[in-house]
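Visitor: I'd like to ask some things about the structure below.
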Amino acid sequence: MKLCMIGTGYVGLVSGVCFSDLGNNVICVDKDQAKINSLKKGKIPIYEPGLEELVLKNYKNKRLSFSTDLKDSVRKSDIIFICVGTPSRKGGSGADLSQVFNVAKEIGKSINKFKIIITKSTVPVTTGDQIEKIIQKTNKKKKFSIVSNPEFLREGEAIRDFVYPDRVVVGTNDIKSNKILKTLYSPLISKGAQYLNTSRRAAELIKYASNAFLATKITFINEMANLCEKTNINIEDISIGMGLDKRIGGRFLRAGPAYGGSCFPKDTKAIINTADKFKTKLSVIKSVIKSNDNRSNLLLSRISKLLKNRLKNKKICFLGVTFKANTDDMRDSSSLTMIPILSKKGAKVSYYDPTGHKKEFNKYKNVSFENNIKDALKKSDLIVVHTEWNDFKSINFKSYLKGRKPIIFDMRNIYSPTKMKQQGFKYFGVGR
Ligand SMILES: NC(=O)c1ccc[n+]([C@@H]2O[C@H](COP(=O)([O-])OP(=O)(O)OC[C@H]3O[C@@H](n4cnc5c(N)ncnc54)[C@H](O)[C@@H]3O)[C@@H](O)[C@H]2O)c1
């Protein structure tokens with residue numbers, strides 16, 4: 001099939017390359033000329049395990065191409081996926097749909113024959129209806145079908161998640177579009193993915209409801225960790241004990257810093273906005289947002305306590321700053337809340353992340369990136385394990401620290417408290 005992905009970010013690039021690997025001809029379009037130029041040279045703009053090899057392979061065999069020409073790409077394709085960003089509105093809580101609507105207008109001007117136009121971007125309920133109206137303006141004789149096909153991939157596991165999804169949700173009442181999409185996804189269905197055809201609005205809501213539920217699970221276990229700290233219980237026992245119940249499941253049940261990333265924070269806020277619009281209360285999700293917003297402050301006050309409330313000139317080393325491992329994405333990472341506050345309070349923060357220096361910290365004079373773990377740990381008074389990268393799981397602190405014994409605050413509980421204490425470290429985790 002001939003496909004076109006509009007927006008070549010995490011979702012557009014990953015799904016585009018995976019579709020091409022399944023034998024389709026795919027054009028990945030982006031308005032960012034520099035991004036498209038570098039992709040044409042084989043340079044991948046994001047860190048995503050396995051992505052580079054797959055892009056190079058499919059670009060070489062000419063099933064995958066890159067373009068900034070939206071009009072031409074739409075004309076050449078049968079199925080158009082809208083994969084642009086839907087960030088939170090500036091100063092507001094709803095999703096900013098300007099990128100989606102701009103793309104819809106452009107598509108509307110480019111339709112030359114029947115097209116299936118799909119939102120893969122996460123969009124609030126009724127966005128499909130609005131896109132349909134926009135495109136209808138320039139296409140009175142309906143030669144298109146608007147479908148919702150939300151994407152559930154996780155950064156860091158994106159290729160695996162795309163190729164082996166739990167489910168493929170296709171929101172459309174149009175029998176022809178549904179049939180075509182079922183064929184497009186048939187290689188994944190034959191590997192075990194459930195194919196679910198719903199109404200367009202239901203598909204839009206499934207995505208938000210799923211993200212809000214996962215954010216709730218994380219927040220729930222983070223609050224349990226607070227209780228465990230007060231009652232001398234190990235949160236790991238609680239996570240395992242709860243997770244073994246198949247009705248609950250163990251995933252997204254590990255205590256840590258506030259949830260962050262490009263999806264949960266904006267999507268939980270956007271679903272509240274949708275509920276407000278439809279005069280419905282989502283009080284559970286509202287409390288989740290509040291609790292999560294509090295989490296970074298709570299962990300900051302623990303840092304402060306560990307340093308006896310004297311942060312000035314204290315050297316704090318952050319191991320990992322991305323919102324989770326195996327991605328370079330910094331969007332809404334809790335380190336973006338914590339590090340600036342520590343720096344403003346006079347602490348000197350060094351950080352190391354396997355995905356390199358982060359421009360987000362450039363404006364803070366007391367914050368520096370180090371090229372390796374050893375340099376980042378140098379002279380530290382406190383080490384904060386912020387992101388669960390494999391690179392940190394077997395650090396030989398003894399040899400790196402050469403007899404020094406800084407405090408270690410492991411926000412991901414990746415080390416054994418017993419072993420750390422045996423080595424003489426003042427070691428603290430979360431919820432244990
Ligand atoms: N990142 C994830 O893990 C993930 C997972 C599932 C769903 N989603 C959803 O998918 C959508 C995209 O997310 P992302 O993380 O891939 O975003 P992103 O910011 O990484 O990529 C969006 C891309 O769209 C491009 N773009 C914007 N306007 C354009 C236009 N008019 N023409 C062509 N290109 C244009 C931008 O230049 C950018 O490269 C969002 O709605 C997001 O919520 C993201």
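The values are calculated or read from the model by the stated rules, or taken from the named source; none is laboratory data. Note that the structure is a prediction, hence the values are computed from the model and not measured. All Cβ positions, glycine included, derive from the backbone under ideal geometry; neighbour counts span all protein chains shown.
Visitor: Please list, ordered by first then second residue, the pairs with beta carbon atoms under 8 Å, 6 or more apart or interchain, first in segment 140-161 and within 7 Å of the ligand (Cβ to nearest atom), second among the charged types (D, E, K, R) and in a strand (DSSP E or B).
Guide: Listed by first residue and then by second, the contacts come to F152/R167.
Visitor: Please determine, by comparing only the residues of segment 363-375 that are in a loop (DSSP other than H, G, I, E, B) and in contact with a strand residue (DSSP E or B) (Cβ under 7 Å, 6 or more places away or on another chain), which one is nearest to E236 (Cα to Cα).
Guide: Selected residue: N372.
This table checks each residue for (1) among the basic types (K, R); (2) buried (at least 20 other Cβ atoms within 10 Å of the Cβ); (3) modelled with pLDDT under 95; (4) under 22 Å from D329 (Cα atoms).
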site: M5; (1), (2), (3), (4): no, yes, no, yes
site: G12; (1), (2), (3), (4): no, yes, no, yes
site: S15; (1), (2), (3), (4): no, yes, no, yes
site: F19; (1), (2), (3), (4): no, yes, no, no
site: G23; (1), (2), (3), (4): no, no, no, no
site: V26; (1), (2), (3), (4): no, yes, no, no
site: Q33; (1), (2), (3), (4): no, no, no, yes
site: E52; (1), (2), (3), (4): no, no, no, yes
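Visitor: Go through segment 244-275 residue by residue and tally those that are of a type in the set (D, E) and without any contact (Cβ under 8 Å) to a residue 24 or more places away in the chain.
Guide: 1
Visitor: Right, next: Cβ-Cβ distance below 8 Å, separation of 6 or more or different chains: which pairs start in segment 385-405 with a residue that is of a type in the set (S, T, N, Q) and end on one that is outside any loop (DSSP other than H, G, I, E, B)?
Guide: T387/L319; T387/S335
Matching residues to (1) closer than 30 Å to A215 by Cβ; (2) at pLDDT below 95; (3) buried (at least 16 other Cβ atoms within 10 Å of the Cβ); (4) assigned by TED's automatic domain parsing to the domain that holds V29:
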| site | (1), (2), (3), (4) |
| --- | --- |
| K115 | no, no, yes, yes |
| T119 | yes, no, yes, yes |
| T127 | yes, no, yes, yes |
| T138 | no, yes, no, yes |
| S145 | no, no, yes, yes |
| R167 | yes, no, no, yes |
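Visitor: Hey, does segment 80-90 have a residue that's exposed (fewer than 15 other Cβ atoms within 10 Å of the Cβ) and without any contact (Cβ under 8 Å) to a residue 24 or more places away in the chain?
Guide: Yes, segment 80-90 contains a residue that is exposed (fewer than 15 other Cβ atoms within 10 Å of the Cβ) and without any contact (Cβ under 8 Å) to a residue 24 or more places away in the chain.
Visitor: From S67, S77, grab the single residue that is under 19 Å from D21 (Cα atoms), more than 20 Å from the chain's Cα centre (by Cα) and within 10 Å of the ligand (Cβ to nearest atom).
Guide: S67
Visitor: Can we say D96 is away from the ligand (no atom under 12 Å from the Cβ), acidic (D, E) and surrounded by fewer than 18 Cβ atoms within 10 Å (Cβ to Cβ)?
Guide: For D96, the condition - away from the ligand (no atom under 12 Å from the Cβ), acidic (D, E) and surrounded by fewer than 18 Cβ atoms within 10 Å (Cβ to Cβ) - is not met.
Visitor: If I filter segment 168-221 down to residues being in a loop (DSSP other than H, G, I, E, B) and in contact with a Phe, Trp or Tyr (Cβ under 8 Å, 6 or more places away or on another chain), which single residue comes out as nearest to G128 (Cα to Cα)?
Guide: Going through the qualifying residues, I end up with Y185.
Visitor: Something else about it: Listed residues L336, L342; which is assigned by TED's automatic domain parsing to the domain that holds L306 and either more than 24 Å from the chain's Cα centre (by Cα) or assigned to a loop (DSSP other than H, G, I, E, B) (or both)?
Guide: Selected residue: L342, the only one of L336, L342 that is assigned by TED's automatic domain parsing to the domain that holds L306 and either more than 24 Å from the chain's Cα centre (by Cα) or assigned to a loop (DSSP other than H, G, I, E, B) (or both).
Visitor: With the condition kept exactly as written, say whether any residue in segment 69-76 is touching a strand residue (DSSP E or B) at 6+ places or on another chain (Cβ under 8 Å), buried (at least 20 other Cβ atoms within 10 Å of the Cβ), among the β-branched types (V, I, T) and assigned to a strand (DSSP E or B).
Guide: No, every residue in segment 69-76 fails to be touching a strand residue (DSSP E or B) at 6+ places or on another chain (Cβ under 8 Å), buried (at least 20 other Cβ atoms within 10 Å of the Cβ), among the β-branched types (V, I, T) and assigned to a strand (DSSP E or B).
Visitor: While we're here: What are the residues in segment 38-52 that are free of Cβ contacts under 8 Å to residues at least 40 places away in the same chain and more than 9 Å from the ligand (Cβ to nearest atom), if any?
Guide: Within segment 38-52, S38, L39, K40, K41, G42, K43, I44, E52 qualify.
Visitor: Search segment 9-37 for residues that are over 14 Å from V163 (Cβ atoms) and pair each with any residue that is part of a strand (DSSP E or B) and near the ligand (Cβ under 6 Å from one of its atoms) when their beta-carbon atoms are under 6 Å apart and the residues are at least 6 apart or on different chains.
Guide: V29/I6
Visitor: Among the candidates K217, K182, K269, which residue alone is within 30 Å of L22 (Cα to Cα) and surrounded by 14 or more Cβ atoms within 10 Å (Cβ to Cβ)?
Guide: Among K217, K182, K269, only K182 is within 30 Å of L22 (Cα to Cα) and surrounded by 14 or more Cβ atoms within 10 Å (Cβ to Cβ).
Visitor: So, K57, is that one more than 13 Å from the ligand (Cβ to nearest atom), in a loop (DSSP other than H, G, I, E, B) and either at pLDDT 95 or above or surrounded by fewer than 20 Cβ atoms within 10 Å (Cβ to Cβ) (or both) or not?
Guide: Answer is no for this residue.
Visitor: When you check V84 against the structure, is it assigned to a loop (DSSP other than H, G, I, E, B) and either more than 21 Å from A34 (Cβ to Cβ) or near the ligand (Cβ under 9 Å from one of its atoms) (or both), yes or no?
Guide: yes
Visitor: Scan (1) within 13 Å of the ligand (Cβ to nearest atom); (2) aliphatic (A, V, I, L, M); (3) touching a Pro at 6+ places or on another chain (Cβ under 8 Å) for the single condition L22 breaks and write down its number.
Guide: Single failed check for L22: (1).
Visitor: Would you point out which residue out of K393, K398, K348, K365 is touching a helix residue (DSSP H, G or I) at 6+ places or on another chain (Cβ under 8 Å), outside the structural domain of G9 (by TED's automatic domain parsing) and basic (K, R)?
Guide: Among K393, K398, K348, K365, only K365 is touching a helix residue (DSSP H, G or I) at 6+ places or on another chain (Cβ under 8 Å), outside the structural domain of G9 (by TED's automatic domain parsing) and basic (K, R).
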